[in-house]
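Asker: Here it is, the structure, as structure tokens.
We did not get these values from a lab; they are worked out from the coordinates using the rules stated. All values reported here derive from a predicted model rather than from experimental measurement. Please note: Cβ atoms are built from the backbone with ideal geometry, for glycine as well, and neighbour counts cover all protein chains shown.
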Amino acid sequence: MSSSAFGRLNDVFSGPGAAQRFRHRLLYLYLLLIFVLVLAPVAMILPIAFVADFQILFREQYINGITNSFILGFTVAILATVLSTAAARYYRQVKNKNAYILFMSLPLFIPADTHAVAVAATARELGIGLGFWTLVGAHLTYVFPYAFLMVLATMAGLPKSLLAAAQDLGATGFRAFRDVELPLVADGVISAFLVSFLLSFNEAPRALILGGAGFETLSSLVLAYYDSIGITIALYGINVVMTLFAIVVVVGILTLVLLKSRQRAAAAAN
């Protein structure tokens with residue numbers, strides 16, 4: 001190794017801010033590793049699209065499953081976005097904020113099959129049939145923590161002085177939220193909606209257990225297909241479509257966040 005290379009290496013470990021640069025590089029390496037681990041299964045599935053059988057998606061049962069998945073996803077996403085936004089706004093008034101966040105995040109620690117069986121048993125005791133609304137309730141419990149944390153993270157950076165100024169000018173609490181707060185946190189609210197929709201759309205164990213015979217989603221059909229037949233070219237085709245759909249939604253969220261960040265930076269510069 002040349003002396004210049006040794007010099008650069010010495011600057012990395014002993015120069016000004018060396019410790020901080022080293023931590024940053026370790027962080028980048030860690031994020032790259034996570035990124036590779038997440039994308040590795042996707043990279044293995046997508047090439048199969050060239051030989052996959054997509055005809056199964058045009059069968060009546062799967063068309064109904066896709067339609068049900070969209071209806072369920074949109075219903076859950078709307079409810080989760082409204083409730084999580086309200087919960088995130090109430091966070092300011094809570095004294096024990098850590099306990100409040102923990103309470104709102106509790107559904108994250110409940111396994112999907114355990115939650116589904118518990119909901120099914122409760123519904124049976126109450127005389128409620130399994131189907132669409134049972135799934136809406138279960139999925140809402142499942143996706144709410146994700147939506148809440150996303151909206152809360154956006155609202156955390158909102159100056160309290162803006163709302164106080166709006167109220168001093170005579171705006172009611174709702175009008176201050178609609179005209180001042182909501183436009184500033186719109187990217188977090190929209191991201192919460194999209195993530196809630198995607199989580200509900202792709203969720204399988206709860207859909208399989210709680211949907212019953214009368215309400216099948218695409219994910220529950222895929223899980224039932226795998227249990228009865230196994231991995232086939234048709235199953236690869238379904239997974240390719242679902243993966244591409246998820247990628248489109250995630251890219252949309254990242255694009256939205258990036259655009260909003262640039263808008264905020266431009267506004268701050270002016």
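Asker: Could I have the simple spin-label model distance between Thr232 and Leu27, label points 7 Å from Cα toward Cβ, reported in nm to one decimal?
Answerer: Calculated label separation equals 4.9 nm.
Asker: To continue, here is another question. Would you tally the net charge around Ser220, using a Cβ to Cβ cut-off of less than 14 Å, leaving Ser220 out, and scoring K and R as +1, D and E as -1?
Answerer: Residues close to Ser220 contribute a combined charge of -3.
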